[in-house]
Amino acid sequence: MKSKSFDGMACSIAGVLEAIGDRWAVLILRDLSLGLKRYEDLRYSTGVTNATLSDRLKHLEDHGLVERRRYQTNPERYEYVLTVRGRDLILVTQALLQVGDKWAISGKAGPPLKFVDRKTGHAVKLAMVDDETGERVKARDLQPQAGPGADELIHWRLTHFPK
């Protein structure tokens, strides 16, 4: 029987996926990063059922990505905000948006949402850059290497990477 958890796997990607949970959670993170905070707004934006939304918000909260804050006492009402860890995932949603735009997921009308530099108004995009020089690195020039936390499975995977 296969495990449904990535717990204990020596893989940063698996750890982030474990924290996120599923595709509905990604859409909730998208909306939170756009400033939506209230349960009904998240439900309206995603179209998800109440049960699924409640479950995903609890999962995101349990994994330290979302914080629940009371904004009303009678009746009690809460809003949801990204934590520091949750804001780190804006990179993930930006990457998905960029790929979706490249694939023309929204059709001929063009991208439904774009992000611009607040200061210049110029469109922005994610890119891989050399950590020391800041120079852009093309995907074909990436070379994976085992890091200090690599286990035997990582080393095995790397034997399959084309030289």
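The values are calculated or read from the model by the stated rules, or taken from the named source; none is laboratory data. Given the structure is predicted, the values throughout are model-derived calculations rather than measurements. Backbone-built Cβ (ideal geometry, glycine too); neighbour counts: all protein chains shown. In case anyone asks, the SASA skips ligands and DNA or RNA and just uses the protein heavy atoms, side chains included. Shrake-Rupley method; radii C 1.70, N 1.55, O 1.52, S 1.80 Å.
Summary table
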item: Check on Thr133, of a type in the set (Ser, Thr, Tyr), out of contact with any Cys (no Cβ under 9 Å at 6 or more places or on another chain) and free of Cβ contacts under 8 Å to residues at least 12 places away in the same chain; result: yes
item: Failed condition for Ala109, given (1) over 16 Å from Ala19 (Cβ atoms); (2) of a type in the set (Gly, Ala, Ser); (3) open to solvent by less than 90 Å² (accessible area, probe 1.4 Å); result: (3)
item: Members of region 1-15 that are among the aliphatic types (A, V, I, L, M), outside any helix (DSSP H, G or I) and open to solvent by less than 80 Å² (accessible area, probe 1.4 Å); result: Ala10
item: Options Leu17, Leu32; residue that is in contact (Cβ under 8 Å) with a residue 24 or more places away in the chain, at negative phi and under 18 Å from the mean Cα position of the chain (by Cα); result: Leu32
item: Within region 112-127, tally of residues that are open to solvent by less than 100 Å² (accessible area, probe 1.4 Å) and over 23 Å from Ile20 (Cα atoms); result: 6
item: Given (1) touching a strand residue (DSSP E or B) at 6+ places or on another chain (Cβ under 6 Å); (2) within 30 Å of Lys163 (Cβ to Cβ), number of the condition Arg70 does not satisfy; result: (2)
item: Some residue of region 128-135 being among the hydroxyl-bearing types (Ser, Thr, Tyr), surrounded by 12 or more Cβ atoms within 10 Å (Cβ to Cβ), more than 20 Å from Leu42 (Cα to Cα) and more than 19 Å from the chain's Cα centre (by Cα); result: no
item: Some residue of region 85-96 being touching a residue at least 40 places away in the same chain (Cβ under 8 Å), touching a strand residue (DSSP E or B) at 6+ places or on another chain (Cβ under 7 Å), surrounded by 12 or more Cβ atoms within 10 Å (Cβ to Cβ) and closer than 23 Å to Val16 by Cβ; result: yes
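Yes/no matrix, rows are residues, columns are (1) within 30 Å of Pro144 (Cβ to Cβ); (2) of a type in the set (Val, Ile, Thr):
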| position | (1), (2) |
| --- | --- |
| Met9 | yes, no |
| Lys37 | no, no |
| Tyr44 | no, no |
| Ser54 | no, no |
| Val66 | no, yes |
| Leu89 | yes, no |
